[in-house]
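Student: Here you go, one structure.
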Amino acid sequence: MALLFYKDPEHSDDIVPEIRRRRPDLEVRIYPDLDAPERFDYLLGYDPPRELLEKLPNLKVIFSAGAGADALLATAGLPQVPLLRMVDDSLAELVSEFAAAQVLAWHRDLWSYRDQQTKAQWQPLPLRRARERRVGVLGLGAIGQRLTRTLRTLGFDVVGWSRTAKTIEGLPSFAGPAQLFQVLQQAEILVSILPLTTATHGILNVKTLRELPRGAVVVNVGRGAHLVESDLLALLEEGHLSGASLDVFDEEPLPEAHPFWRHPKVIVTPHVAGAISATAMAEVVTTQIARFEQGLDLHNVVDRAEGY
Ligand code: NDP
Ligand code: OXD
């Protein structure tokens, strides 16, 4: 039994000893250490290229190294084996904490005060309580649900949106394209933590963002391709939106000349809302492999038709 790790630059090698410690019988290699490729049963990676997939004829399970499987699904030649993604409490906690920090920063005008500081300007702004601020959360999955709890604990008035209808105590929630506008029309701060699929590609565009109340703020921690960047810039320019915190971008790293870098109303972070630790990833991978070997149902299997 062997697992190949197609590691990208952000991943550390730490996962290898963590897997070996849990499963000494499992051979773990890091690409391109690939002699006898037919022996690999499992592949772990964020976006392994087609040329690599073609060299691995006996894969049984593929693990996305992230919560999102969009990069993997976009790879041509993906074999028809179960595709699993990372779901872990610590990851949900990190992303929720990050998104909530952005919401709080906009809610309490921290970015405006930072700006005022650069001009030595002493100008108190009006105060509002969190309960007086409605936050819309797009995506009520492993991370989105955690985020709604964090925001509610902070006192915010939260509404959510997902593909299928949900009943979550204390959370008004909406589902499907027909109800998206109901969420947008009431969200002074909109957080998107959706997966990237055909249905969600470009979902944050001039038509949808214009539905937000005037002066609203957008926080995108899902994927860059959810947002039509030029539409956001136009709405910021005309004052319909008052700001955006963006952690994910169409092109990453964000090109040096991109207008977001120097835009006074845009907060840029380098895709750091959350990441699964090597320990948690090893735990997910070895638990799922054990389930696979025992013929048990696998968890967090990507639905290829839905794209997440
Ligand atoms: P889940 O699959 O658990 O949740 C996805 C949520 O989005 C579900 O509520 C789902 O609805 C909803 N959704 C999917 N498609 C649609 C649609 N067409 N219309 C409305 N709602 C839709 O994913 P996670 O919460 O684990 O992760 C979400 C995404 O967060 C990842 O795919 C990734 O892109 C991003 N991410 C970003 C990170 C960062 O560092 N910036 C870190 C980790 C993740 P339903 O409940 O009905 O299925
Ligand atoms: C993920 C991410 O999908 O870090 O896990 O974006």
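Student: Looking only at residues that are among the hydrophobic types (A, V, I, L, M, F, W, C) and in contact with a helix residue (DSSP H, G or I) (Cβ under 7 Å, 6 or more places away or on another chain) in region 147-167, which one is nearest to D89 (Cα to Cα)?
Tutor: Taking the candidates together, the pick is L147.
Student: So is L72 touching a Leu at 6+ places or on another chain (Cβ under 9 Å), assigned to a helix (DSSP H, G or I) and under 24 Å from H271 (Cβ atoms) or not?
Tutor: Spelling it out, L72 is indeed touching a Leu at 6+ places or on another chain (Cβ under 9 Å), assigned to a helix (DSSP H, G or I) and under 24 Å from H271 (Cβ atoms).
Student: Let me ask you something else. Please go through region 153-173 and give me each residue that is within 21 Å of F98 (Cβ to Cβ) and either under 20 Å from the mean Cα position of the chain (by Cα) or of a type in the set (D, E) (or both), ordered by number.
Tutor: Matches in region 153-173: D157, V158, V159, G160, W161, S162.
Student: Looking at region 152-169, can you tell me whether even one residue there is within 16 Å of ligand 2 (Cβ to nearest atom), touching a strand residue (DSSP E or B) at 6+ places or on another chain (Cβ under 9 Å) and not polar (S, T, N, Q)?
Tutor: no
Student: So which of L84, L26, L59, L34 ends up being at negative phi and within 26 Å of the chain's Cα centre (by Cα)? I'd like the intermediate steps shown before the answer.
Tutor: Details: L26 fails: within 26 Å of the chain's Cα centre (by Cα); L59 fails: within 26 Å of the chain's Cα centre (by Cα); L34 fails: within 26 Å of the chain's Cα centre (by Cα).
Step by step, each of L84, L26, L59, L34 is checked, and only L84 is at negative phi and within 26 Å of the chain's Cα centre (by Cα).
Student: What do you reckon, is G176 more than 29 Å from A280 (Cβ to Cβ) and within 21 Å of the chain's Cα centre (by Cα)?
Tutor: yes
Student: Here is a follow-up. Any chance region 150-160 includes a residue that's among the hydrophobic types (A, V, I, L, M, F, W, C) and within 13 Å of ligand 1 (Cβ to nearest atom)? Talk me through it step by step, then tell me what you get.
Tutor: Just the residues of region 150-160 that are among the hydrophobic types (A, V, I, L, M, F, W, C), to begin with: 151, 154, 156, 158-159.
Filter again for within 13 Å of ligand 1 (Cβ to nearest atom), leaving none.
No: region 150-160 contains no residue that is among the hydrophobic types (A, V, I, L, M, F, W, C) and within 13 Å of ligand 1 (Cβ to nearest atom).
Student: Still on this model: Kindly indicate whether any position in region 109-132 is within 16 Å of ligand 1 (Cβ to nearest atom), in contact (Cβ under 8 Å) with a residue 24 or more places away in the chain and not in a loop (DSSP other than H, G, I, E, B).
Tutor: No: zero hits.
A short reminder: the numbers here are calculations on the coordinates, not readings from a lab. On a predicted model such as this, the values are computed, not experimentally measured, just so you know. Neighbour counts are summed over all protein chains in view; Cβ atoms, including those assigned to glycine, are modelled from backbone coordinates with ideal geometry.
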